[in-house]
Every structure is written in C-alpha cells, then in structure tokens.
C-alpha cells in the first residue's frame with residue numbers, strides 16, 4: 001500500500017476510522033467482529049488507525065488497545081481529545097461534552113509528564129484505554145466547555 005507522510009510518521013494512504021466499531025450509525029459490532037475488522041485492516045497494510053475518547057465513551061480505545069497492543073510497532077494511532085462523556089445529571093447516563101480548553105487537554109494527557117517524572121500514570125485516561133504508550137497524532141476539538 002502507498003505510504004504518505006503524517007508529521008514525523010509514514011502512514012498508509014488509506015487509514016481506518018474506527019468510530020463505527022463502538023459508536024454511531026446503529027448498534028456497535030461485537031468485540032469479536034471488531035477484532036476481525038482491525039486485524040484484517042492491519043493485514044491489508046493499513047497503518048493509520050483513528051479513534052477518539054468519545055467513541056463509545058472509551059469503548060473504542062479499549063477495543064483498539066486489546067486487539068492491537070501486540071502489533072504496536074506496525075501502525076500509527078491518531079486520536080482526538082476535547083470531547084468526552086460526563087454524567088451531568090447524576091443519573092448514570094453520559095452526555096457529550098465539548099471541552100477543548102488547554103487545562104482540560106493538559107489533564108487528559110498529564111500522564112505523559114507524570115510518566116516521564118516517576119514512571120506512574122493515573123488510571124482511566126486515553127493511554128490506559130488503548131493499553132500502550134504512544135498516541136502518534138492528536139487533534140484537539142476546539143471550543144468552550146459545553147454540553148450537547
């Protein structure tokens with residue numbers, strides 16, 4: 001498959017957007033079917049996988065981590081931050097919140113600085129869900145904090 005530059009990375013000209021494995025456009029596929037899709041893409045030469053914390057409120061990152069961790073040297077992971085799900089009403093139902101403030105972005109990725117300082121990371125963040133170190137490309141959703 002043709003390769004293209006993406007910042008410092010060389011990635012496949014065709015990437016796999018993973019949103020539909022865990023979120024949107026109907027019910028998510030089973031974990032087994034998601035695994036088959038991810039591994040088939042990798043075997044076909046796809047080296048760019050795109051996810052986000054919002055997709056399945058973390059389920060997408062967890063799936064990618066479980067399936068692709070042992071293949072980490074073969075692909076680049078792109079993700080997005082600044083959108084997440086919160087229990088705004090206290091009823092257990094998550095609603096989408098857009099929060100691209102710098103302090104929020106620093107909080108989400110603060111594990112990187114902590115890891116560099118003392119080798120520990122806080123739990124329940126994007127890096128823990130994907131189960132491997134090194135999100136290659138990150139795009140922040142811009143805008144003030146708000147619910148929708």
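The values are calculated or read from the model by the stated rules, or taken from the named source; none is laboratory data. Here the structure is a predicted model, which is why all the values come from computation and not from measurement. In this analysis, Cβ positions are derived from the backbone assuming ideal geometry, glycine residues included, and neighbour counts consider all displayed protein chains.
Looking across the stretch 47-84, not a single residue is part of a loop (DSSP other than H, G, I, E, B) and surrounded by fewer than 20 Cβ atoms within 10 Å (Cβ to Cβ).
Could you count how many residues in the stretch 9-37 are outside any loop (DSSP other than H, G, I, E, B), over 14 Å from the mean Cα position of the chain (by Cα) and closer than 16 Å to residue 67 by Cα?
7
If you take the residues in the stretch 17-46 that are crowded, with 21+ Cβ neighbours inside 10 Å and under 27 Å from residue 105 (Cβ atoms), which one is modelled with the lowest pLDDT?
Taking the stretch 17-46 as the starting set, the residues that turn out to be crowded, with 21+ Cβ neighbours inside 10 Å are 18, 21-22, 34, 38.
Next cut, under 27 Å from residue 105 (Cβ atoms) only: 18, 21-22, 38.
Working: 18: 94, 21: 94, 22: 90, 38: 97.
Going through the qualifying residues, I end up with 22.
The residues of the stretch 38-59 that are in contact with a helix residue (DSSP H, G or I) (Cβ under 8 Å, 6 or more places away or on another chain), in contact (Cβ under 8 Å) with a residue 40 or more places away in the chain and closer than 17 Å to residue 70 by Cα amount to a single one, 47.
Does residue 52 satisfy the criteria of being at pLDDT 85 or above and at negative phi? Against the criterion (at pLDDT 85 or above and at negative phi), residue 52 does not qualify.
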